[in-house]
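Rule-based calculations on the coordinates, nothing more; no lab input. This structure is a prediction, so every number in the text was calculated from the model and none was measured. When we count neighbours, we look across all protein chains shown, and the Cβ atoms used for this are built from the backbone with ideal geometry, even at glycine.
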Amino acid sequence: MIAADPLTLRSLDATWDRTRWEEIPLDGNRYEVIGGVLYMSTAPSPAHQWINHQIFLILHEQIETPGIGVALWSPIGLFMPGCDPVQPDMLVIRTADLDIITADGIEGIPALLIEILSPGNADTDTATKRQAYARAGVPEYWIVRPDERDVLALSAPDAALGDYTSSVRVGGEAELASPTLPIHVPVARFFARVPTGARRRRRRGTRHSANRHEDQRS
C-alpha cells in the first residue's frame, strides 16, 4: 500500500475484488474496493461520528418513522457495479427495496449515500466515490463538509459521464430539500452541538500504522 494522505492508504495495483476483500482480517480499519483499487481508512474522529449520529436522527425522523425506508451506517459492505464493496458513512434504502439487504451485506443500489469528509478522505469522497456512485446509478449522494459546514447534494447520475448532472450546495441555516426523498432539514442540524473538544484531534501513530499496512499489503 502507498499513503494517499495521513489517514488513507490505497493499493498500488487495481486487481482487488470481493474475494480478496473478504480475506482481509478485521482490524478496526475500513477497507473498500473501487475499480479494483483497495482503499484503507482509519477510524473516524469523535466529531465525525457525532455528525453521523445527528444525520441518523434526522433520517430516523423523516424516513424510518413514516415507513419510507431504513437508514444504515458503516461498517457495512455495499456491493454495486465497480464497488466490491464500499462502506459509506450512511445509506438509505427504500422499504420497497429491503430485499437488497442480505446476510453478507447490501447487494444493490440504495436510494441515498452519505459521506462525511475527514482530513484524510476528501479526495476519495469528492472524486473517486463521486464518480463510482454516479457510474453505479446511485440516485442521490450527499457530501457533508464539516469545515465548511455545508452539504453538496448530488443527484441525476450519468453513468456514461461518471458524474452527477445536478449539484447543489446547501449551507448555514438553509434547508436541504432532497430531490428524490421526502427529506427537508436545515443543514445546521447536521453540525448541532458538536463538543468543542471533539472538533480537532491530534492523530498519533498514523505514520507507524501506514508503514505497517504497507509492509503487509504491498
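In a reduced charge model with +1 at each Lys and Arg Cβ and -1 at each Asp and Glu Cβ, the chain shows a dipole moment near 980 debye about its Cα centre. When you filter the GluC sites (Glu not before Pro) in region 103-165 for DSSP loop state and at most 14 other Cβ atoms inside 10 Å of their Cβ, you are left with 148.
Amide hydrogen proximity for residue 80: with H placed 1.01 Å from N in the peptide plane, the residues at 5 or more positions away or on another chain lying under 5 Å are 86. Phi angles of region 172-177 translate, via the Karplus equation with coefficients 6.51, -1.76, 1.60 and θ = phi - 60°, into HN-Hα couplings of x, 8, 5, 9, 8, 10 Hz per residue; Gly and Pro are given as x. Estimated purely from DSSP H runs of n ≥ 4, each contributing -39500 (n - 2.57), the mean residue ellipticity at 222 nm for the chain is -5000 deg cm²/dmol once divided by its residues.
Whole-Hz Karplus values for region 44-55 come out as x, 6, x, 5, 4, 5, 4, 4, 4, 5, 4, 5 Hz, taken residue by residue from phi with 6.51 cos²θ - 1.76 cosθ + 1.60 and θ = phi - 60°; glycine and proline positions read x. In units of the rule-of-thumb radius 2.2 N^0.38 Å, the chain shows an alpha carbon radius of gyration of 0.99.
For region 44-201, the residue among 57, 191, 116 whose Cα projects farthest onto the positive side of the dipole built from Cβ charges is 191.
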